[in-house]
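Laboratory data are not the source of any read-out in this text; all were calculated from the coordinates shown. Only a predicted model underlies this, so the values are computations on that prediction, with no experimental measurement involved. Glycine gets a Cβ as well: all are built from the backbone with ideal geometry, and neighbour counts include every protein chain shown.
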Amino acid sequence: MSGVPAAEEDDSGGQSVGSPPVFAREAHLRSILETIPDAMIVIDVRGRIISFSAAAERMFGFSEAEVLGENISALMPSPDRELHDSYLERYFKTGVRKMIGIGRVTTARHRDGSTFPIDLHVAEARIGDERVFTGFVRDLTERQQTEMRLHDLQSELAHVARVAEMGTFATSIAHELNQPLTAIANYVETSEELLRNPDEEVLEIVREALRECATQSVRAGQIVRRLRDFISKGEIESRVESLARVVNEASALALIGAGESGVEVEVKLDPRVDRVFIDRIQVQQVILNLVRNAIEAMAGSQIRRLRIASRPAEGGFVEMSIEDSGPGLPAELADQLFQPFVSTKAEGMGLGLSICHTIVNAHGGRIWSTPSRLGGTAFHFTLIDASRSEDEPE
């Protein structure tokens with residue numbers, strides 16, 4: 001047919017004239033890959049980079065020529081940077097997939113040393129006799145910042161709604177609270193009048209009045225406690241979750257830009273206590289708050305080290321600790337840290353640690369601070385250990 005070249009072999013031996021040459025297909029494939037917004041990185045069985053897409057170059061700040069042949073761990077912060085090779089070795093020995101084919105939110109390291117949150121998917125393939133692993137990486141910085149803004153807005157709206165609800169509740173009990181207070185005032189005034197001309201009969205009346213004052217005081221205290229419990233009540237929806245996942249997601253957001261501040265981060269999570277019974281979002285809020293506080297506390301320090309760790313604790317609990325190398329806490333604030341409106345920051349509202357205290361208490365745990373071995377402050381809190389539970393997180 002006119003205009004259609006015959007399928008003839010060329011001089012190179014086998015390449016059909018009617019099909020595009022190999023180099024043309026490769027160029028076409030590369031042009032497609034360069035338009036994909038997610039980064040694509042291919043490594044071999046030793047963890048060496050053998051392909052680095054244009055999106056990866058933009059995301060990490062390295063050119064492909066700079067990273068080809070380098071270990072993929074160069075793009076990871078601690079502790080993954082030091083442990084990645086052992087992850088590969090364990091997979092080859094056991095065949096158990098912990099990352100391959102499973103999406104994971106984690107943290108990556110830019111060329112300038114800063115860290116940023118990513119959504120990572122890893123796939124395994126074979127090219128001839130060679131095994132390769134392809135990582136598809138999506139930068140979550142903008143999405144997580146948007147989610148954080150939405151979360152803050154939702155928290156503010158929930159707070160406004162709760163304050164409005166509290167106002168309605170307070171109005172409804174105002175009359176009830178006014179009754180014992182009025183009775184106390186009347187008993188005291190009457191007693192004062194009677195004591196101007198005391199005799200045994202009058203003293204007995206005064207004693208009875210004071211007993212009534214005590215009764216009404218207790219009643220007023222109960223009403224106030226009911227109001228306080230209503231305001232501070234922690235409402236949680238707990239389930240079995242992976243502590244590693246909770247920490248990775250929360251720290252990925254909290255550590256945005258930490259590399260620019262020169263913060264060295266160390267994460268040590270005990271795999272024996274990876275299952276906890278918690279409300280994931282609320283516990284992530286605690287971790288986020290404590291990590292950000294630690295980073296801010298180290299702003300003026302020459303050495304900036306942050307350690308996030310977990311370990312088994314007594315009584316069926318898991319202890320989380322977040323330590324920094326900052327200046328430490330003023331002694332006069334140590335006993336008041338978790339009270340509302342107490343802050344170590346010049347412009348702080350003093351509500352963050354109070355909220356952490358409420359959340360941890362609602363989970364049946366406790367939260368406290370100690371001097372850190374790094375030189376600053378260590379915050380510790382406990383969560384219910386669900387490691388022996390048969391439930392699995394979704």
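Across the stretch 184-193, rounded Karplus estimates of 3J(HN,Hα) from the backbone phi angles (6.51 cos²θ - 1.76 cosθ + 1.60, θ = phi - 60°) give 4, 4, 5, 4, 5, 4, 5, 4, 4, 5 Hz, Gly and Pro being marked x.
Just order 197-204, 377-384 by mean Cβ neighbour count inside 10 Å, highest at the front, would you? Can you show the working numbers first?
Working: 197-204: 10.1, 377-384: 22.2.
My ranking of the peptides, most packed first, is 377-384, 197-204.
Remark: the stretch 271-285, residue by residue, has Karplus-estimated 3J(HN,Hα) of x, 6, 10, 8, 9, 10, 9, 8, 8, 4, 5, 5, 5, 4, 5 Hz, where x stands for each Gly or Pro and the curve is 6.51 cos²θ - 1.76 cosθ + 1.60 at θ = phi - 60°.
Summing charges over neighbours of Ala125, with a neighbour being any other residue whose Cβ is under 13 Å away from its Cβ, gives -2 when K and R count +1 and D and E count -1. Distances between placed amide hydrogens fall under 5 Å for Ile118 paired with Thr106, Thr107, Ala108, Leu140, all partners being 5 or more residues away or on another chain.
Find out how many positive minus negative residues lie around Glu200, taking Lys and Arg as positive, Asp and Glu as negative, among other residues whose Cβ is under 15 Å from that of Glu200.
On the way: positive: Arg207; negative: Asp199, Glu201, Glu204, Glu208.
Spelling it out: positives minus negatives among the neighbours equals -3.
Work through the residues other than Glu70 whose Cβ is under 14 Å from its Cβ and net out their charges, Lys, Arg +1 and Asp, Glu -1.
Numbers: positive: Arg46, Arg48, Arg81, Arg109, Arg111; negative: Asp44, Glu57, Glu64, Glu66, Asp85.
Net local charge, Glu70 excluded: 0.
Annotation: amide H-H contacts under 5 Å for Arg305 (H modelled 1.01 Å from N, sequence separation of 5 or more, or interchain): Glu264, Ser325.
For the stretch 311-326, backbone phi angles converted through the Karplus equation (6.51, -1.76, 1.60; θ = phi - 60°) give residue-by-residue couplings of 7, x, 10, 5, x, x, 10, 10, 9, 9, 9, 10, 10, 9, 9, x Hz, Gly and Pro being listed as x.
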